[in-house]
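The values are calculated or read from the model by the stated rules, or taken from the named source; none is laboratory data. Because the structure is a prediction, the values reported are computed rather than measured. Cβ placement follows ideal geometry from the backbone for every residue including glycine, while neighbour counts extend to all protein chains displayed. Side chains included, ligands, DNA and RNA excluded: accessible areas come from the protein's heavy atoms. Shrake-Rupley method; radii C 1.70, N 1.55, O 1.52, S 1.80 Å.
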Amino acid sequence: MDFAGAHRPHIAVLPTPGMGHLFPLAELAKLLVSRHHFTVTFITFAAADNRATKNFLSTLPAGITSVSLPPVPLDDVPEDATIETRMSIVTVRSLPALRSILIDLRSSTNLVAFLADFFAADGFEIARELGIFYYMFVPTNLQFLTLMLELPALDAAVKCPFPELENPVRLPGCPPIPGPDILTPLRDRSNDCYKWMLHHARLYRQAQGILVNSFSAIEPGAAKLLTAEEEGRPPVYPVGPLIQSRSAATAVASAAPCLKWLDEQPRGSVLFVSFGSGGTLTRMQLGELALGLESSKHRFLLVVRSPSDKDSSSTYFTAHSKEDPLSYLPGGFLRRTKDVGFVVPSWAPQVEVLAHPATGGFLSHCGWNSTLESVKQGVPMIAWPLFAEQTMNAVMLVEEAKIAIRPKAGEDGVFDREEIARVVGELMEGEQGKAMRNRVKGLKEAAEAALSEGGSSYTKLNEVAAEWRKDF
Ligand code: UPG
């Protein structure tokens, strides 16, 4: 096949660091290349310059290349700055280098559009200057997008911290969000990350279009409102679920024993437990989780990272623990559970695990990719959100989609072993679990329909591609 720049329009894509942002954009890029005959360059931040990202980028098909932005100084950024603050500062400081790369791409390819993900909209001004399209990609859902579009108005209207609100936050078309479940960077208005989120929220409305990794059946209220035209708001295109068809090759090779173990387990009997690409628990919570799984007497496949008492996203940029995570499990746990459990350090081939017939439930941090992967395989969930928009996703999955159950924390914020065993039992063999299983099967079919020819997501991506090609 011919990928020569002269024959194809070219798209520059800027994902902010994190595998959860890169994976869906890579799936989108593959469709743009194979179905719509574009070529694509990924512009990656130096913060994403790790082994996992490099390996992943090297597996992308012909027609997709990547170029890395140089590192920017971050010595003045306080140690305790949040992920959102860091990403935002890195983006702003990388703008001069981004400009040079986009100018180079314009002279060496048929560059027609710049696609930024949700923390990189500062790049729009460069695209505008260069006379190319500037669109946004939201790797999470329409509920998150609704919050961001409403944020400037909410900021003016709400006087107290969101977690102290007496009534839930009512976003158009979305289930009511209790104040304490609001997006983590919005919880403390005095923190810089709040100001950054407000800054991004204002830029969202400047995009010429917004692609979202979601589909209408999973959040019908928000989809109905956002796919209608509205003055002053860019058109919104739900193009999902865009998820990996298989996990990164390295993960499959190094973790194949867990797939072999699954082969030996009864159909639908195993609970998969994983907290996404960087989620970590406190030392005490990890212990309670292990003991809760043990006392549930259900089979489990547990991905363990070294705990962190300070930060629930402590391996976000690396995906791997620095120490041996198994050493943090309660004494004797591995021996006592060896007939019912399998433990994988740091990283498992999640897509294959969820697709395996032995997997019957997923205890997840509710990262949006994990959620979509679970839906794609018709697997119901236990919602255990940690950071970012995960608590809001949990509300949606429990209250609106009704495909997840959420444990209740004690006054100290910890889920104790009894509560964990209770929700595991309910999901794997209770009436609620059965109902959730039926509903998630319905969503799985709706997701397949959305992506197939003539389906809503298929059609929306066609519309975007046609717009980008119109002057080519
Ligand atoms: N994954 C594996 N093996 C593992 C752990 C993760 O293959 O052991 C994959 C998983 O299949 C998925 C991705 O890594 O494709 C994880 O993505 P996601 O579930 O979205 O979690 P995060 O990486 O934490 O995602 C970030 C945010 C999350 C947000 C998402 C999309 O933390 O809140 O929904 O980005 O914006």
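Per-structure values
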read-out	value
Once the Cα gyration tensor of the stretch 1-127 is diagonalised, semi-axes √(5λ) in Å	26, 16, 12
More than 29 Å apart - percent of Cα-Cα pairs taken over the chain	47 percent
Acute angle (nearest 10 degrees) that the helix 431-451 long axis makes with the longest principal axis of the chain, alpha-carbon atoms	20 degrees
Mean Cβ count within 10 Å, highest first, over the residues of peptides 380-388, 292-300	380-388, 292-300
Phi to ³J(HN,Hα) by Karplus 6.51 cos²θ - 1.76 cosθ + 1.60 over the stretch 53-62, Hz, x for Gly, Pro	5, 4, 4, 5, 4, 6, 8, 6, x, 4
Residues of the chain: accessible area per residue with a 1.4 Å probe, Å²	40 Å²
Rounded to whole Å, sorted largest first: equivalent-ellipsoid semi-axes of the stretch 126-270, Cα gyration tensor	34, 23, 17
Ellipticity estimate at 222 nm from DSSP helix runs (n ≥ 4, -39,500 (n - 2.57)) divided over the chain, nearest 500	-12500 deg cm²/dmol
Cα convex hull of the stretch 43-84 - mean projected area over all directions, nm²	3.8 nm²
Cα-based reach from Lys460 at 21 Å (exclusive), listing lysines while leaving out same-chain residues under 8 positions away	Lys30, Lys224, Lys376, Lys444, Lys470
Segments 450-457, 132-139, 55-62, 105-112 sorted - mean Cβ within 10 Å per residue, highest first	132-139, 105-112, 450-457, 55-62
The stretch 114-198: Rg to Rh, with Rh as the Kirkwood radius over Cα pairs	1.03
Burial ranking of peptide ranges 225-232, 393-400, 424-431 (average Cβ count within 10 Å, highest at the top)	393-400, 424-431, 225-232
Nearest 10 degrees, 0 to 90: helix 456-469 Cα axis against the chain principal axis	30 degrees
Distance between the stretch 31-47 and the stretch 124-187 - C-alpha centres, whole angstrom	27 Å
Computed label-point distance, nm, for sites Ser190 and Ala449 using a 7 Å Cα→Cβ extension	5.1 nm
Rel. contact order, % - alpha carbon contacts under 8 angstrom, at least six apart, the chain	15 percent
Shape of the stretch 366-434, Cα gyration tensor, a/c cut at 1.5	oblate
Per-selection Kirkwood Rh - the stretch 158-235 (Cα, Å, 1 d.p.)	14.3 Å
Placed amide H near Thr282: partners under 5 Å, 5+ positions off or other chain	Ser308
Per-residue HN-Hα couplings for the stretch 226-242 [Karplus 6.51, -1.76, 1.60; θ = phi - 60°; Hz; x = Gly/Pro]	6, 8, 7, 5, 9, 4, x, 10, x, x, 10, 10, x, 10, x, x, 9
Helix axis angle, 192-204 relative to the chain longest principal axis, alpha carbon, degrees	50 degrees
Label-reachable residues, the stretch 395-437, where backbone N falls under 20 Å from a point 7 Å from Thr282's Cα toward its Cβ	407-421
Normalised contact order of the stretch 361-472, rounded percent, pairs of Cα under 8 Å and 6 or more residues apart	24 percent
Amide H contacts of Phe45 (H built 1.01 Å from N, under 5 Å, at least 5 apart or other chain)	Leu69
In Hz, Karplus ³J(HN,Hα) per residue of the stretch 42-51 (6.51, -1.76, 1.60; θ = phi - 60°; x = Gly, Pro)	8, 9, 10, 7, 4, 5, 9, 7, 10, 4
Cα coordinate range in the stretch 321-472, projected on the principal axes (Å, largest first)	65, 39, 34
